[in-house]
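Here the structure is laid out as structure tokens; the discussion comes afterwards.
The values are calculated or read from the model by the stated rules, or taken from the named source; none is laboratory data. Being a predicted model, the structure only gives us computed values, none of them experimental. Using ideal geometry, Cβ is built from the backbone for each residue, glycine included, and neighbour counts are taken over all protein chains shown. Heads up: the accessible areas ignore ligands, DNA and RNA and are worked out on the full protein's heavy atoms, side chains in. Shrake-Rupley method; radii C 1.70, N 1.55, O 1.52, S 1.80 Å.
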Amino acid sequence: MSSFLSGRFSGIEAYVPGEQPQDRSYVKLNTNESPYPPSPGVLAAINSAEVARLNLYPDPDTRSAALAISGALGLGPENIILGNGSDELLAFAFQAFCDAKTPAVYADITYGFYSVYARINCVESRVLPLDDTLRLVPSDYYGAGGTVFIANPNSPTGRAVPLAGIEAIIRGNPGNVVVVDEAYAAFGAESAVPLIAKYDNLIVVHTMSKSKNLAGARVGYAMARSELIADLNTMKFSFNPYNMNRLSLLAAEAAINDSDYYEECVAKIVSSRERAVLALYGRMFDVLPSRANFLFAKPSFGSGRDYYLGLKERGVLVRHLPQERIKDYVRITIGTDEQMDALLAATDDMMGKNR
Ligand code: PMP
């Protein structure tokens, strides 16, 4: 830290993304990326003619991609804003809808960025604990007294709240915005998108990083009634009007037109997930029911940290989070069946099964 950093940020702890060590090649199951490449349409869209246009700014209104994405979801272009990853849109939502009188409300165990965004915006957090089984209890959120942020399915647990529970939370907070972060919903949760027409306080956030195999392109989008989207646009145009680069916009639009390809990828990931769950049960692991492209699993031997370190030594990266309540677990991204077999082989080696 330099002596110049504003006092507002002294002691701030930035978000720590999943590690990307360069010392050797790993089976990388730690950042919830898709193991599958982008669709053929995406590869074709990013061609040298498009690269040759990089001297020109992109469309600040992202019209073409916004029309394609919103249309595919039955919404109008006035109901969507694209972001440089959904992280950027979550950041805009914290800026726009939290302040000294309006805290951010979120679970104790959830996406680690929420607490960082609250801190960097100097707003209070009201943290509501998940229950003993790491389940979110919707009634805890009625009259939450602030802007609500819910990851559904949640990360790192993988658990999802049924749509009726999400709707009850939206209805239970008529004076506040409820942001439903559906980064992983395509892998098995009910989406709240159909509720947008019904509620003026709902924002649903999606990403193309997980179920559209585009983590490297950084594309997310938020959907809501036009008034809320206008507020998010005020944040965007006050920060970076050209937040979406030309190539990512083309990739996003092409991905929407290749939905069959992505549905197949999601189906493969869900099938690998269920196969991995059974395999881990067979090794006496405690595995939470997952609706996402990852598992939250507690090994039957040793601590979560020891398991993480043992896997890393054997060339497999998973994510271990140090929070006290979940320190016995690791979060395992679902890769291909071959990658999951590598995880299981490393696990067996640690358990002494291969000796
Ligand atoms: N929300 C949740 C719950 C996530 O796990 C992630 C991925 N780290 C994001 C949002 C952000 O995804 P991206 O910025 O890649 O769209």
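Observations
- The stretch between Leu309 and Glu338 holds 8.4 nm of extra length on full extension. This uses 0.36 nm per residue minus the Cα-Cα distance.
- Exposure ranking of Asp108, Asp341 by accessible area [1.4 Å probe, largest first]: Asp341, Asp108
- Cα-based reach from Lys101 at 16 Å (exclusive), listing aspartates and glutamates while leaving out same-chain residues under 8 positions away: Glu124
- Computed over the chain: relative contact order in percent, which uses C-alpha pairs under 8 Å that are six or more apart: 23
- Taking all protein chains together and rolling a 1.4 Å probe, Met351 ends up with roughly 60 Å² accessible.
- The lysines within cross-link reach of Lys327, meaning a Cα-to-Cα straight distance under 27 Å and a gap of 8 or more places when in the same chain, are Lys28, Lys210, Lys298, Lys312, Lys353.
- Rounded to the nearest 20, the Cβ-based charge dipole of the range 101-248 about its Cα centre (Lys and Arg +1, Asp and Glu -1) stands at 480 debye.
- List Arg331, Arg275, ordered by accessible area with a 1.4 Å probe, largest first: Arg275, Arg331
- Just so you know, the averaged projected area of the alpha carbon convex hull for the range 1-102 sits at 12.3 nm².
- Cα-centred dipole magnitude for the range 173-260, charges only on beta-carbon of K, R (+1) and D, E (-1), debye, nearest 20: 240
- Here's the picture: charge each Lys and Arg Cβ at +1 and each Asp and Glu Cβ at -1 in the chain, and of Ile120, Leu280, Phe237 the one pushed furthest to the positive end of that dipole is Leu280.
- Residues Phe237, Phe187, sorted by accessible area with the largest first, give Phe237, Phe187 [1.4 Å probe; ligands and nucleic acids excluded].
- Taking amide H atoms as placed 1.01 Å from N in the peptide plane, the amide H of Leu128 lies under 5 Å from those of Tyr106, Ala107, Asp108, each 5 or more residues away in sequence or on another chain.
- Positive dipole terminus of the chain, leading residue within Leu295, Asn55, Tyr221 (C-beta point charges): Leu295
- The range 109-246 shape via C-alpha gyration tensor axes, a/c threshold 1.5: rounded
- Applying a DSSP loop filter and a limit of 13 other Cβ atoms within 10 Å to the chymotrypsin sites (Phe, Trp or Tyr not before Pro) in the range 86-159 leaves Tyr142.
- Summarising the amide proton neighbourhood of Ala151: residues at separation of 5 or more, or on other chains, whose placed amide H is nearer than 5 Å comprise Tyr111, Asp181.
- Heavy atoms of Glu313 accessible to a 1.4 Å probe, total area in Å² rounded to 10: 140
- Rolling a 1.4 Å probe across all protein chains gives Lys268 an accessible area of roughly 90 Å².
- Overall Cα dimensions of the chain - principal axes, largest extent first, Å: 62, 51, 50
- Calculated mean residue ellipticity, 222 nm, the chain: -10000 deg cm²/dmol, from DSSP H runs (n ≥ 4) at -39500 (n - 2.57) each, averaged per residue and rounded to 500.
- Euclidean distance of C-alpha centroids, the range 1-35 and the range 288-348, integer Å: 19
- Short-range pairs are left out: with C-alpha atoms under 8 Å and at least six residues apart, the relative contact order of the range 242-336 is 24 percent.
- Solvent-accessible area per residue, Å², over the chain with all protein chains present [probe radius 1.4 Å]: 45
- Carbon plus sulfur fraction of accessible area for the range 31-96, probe 1.4 Å, in percent: 58
- Counted as membrane-span-like here are DSSP H helices of the chain whose alpha-carbon atoms extend 27 Å or more along the helix's own axis and whose Kyte-Doolittle mean is -1.0 or above; these are 259-282.
- With kT/(6 pi eta Rh) evaluated at 37 °C and eta = 0.692 mPa s, and Rh the Kirkwood radius from Cα pairs, the range 262-355 diffuses with a coefficient of 246 µm²/s according to Stokes-Einstein.
- Remark: relative contact order (the range 78-136) = 33 percent; criterion is Cα-Cα distance under 8 angstrom and separation of 6 or more residues.
- Cut-off under 5 Å, modelled amide H: who pairs with Leu295 long-range: Ile332, Thr333, Ile334
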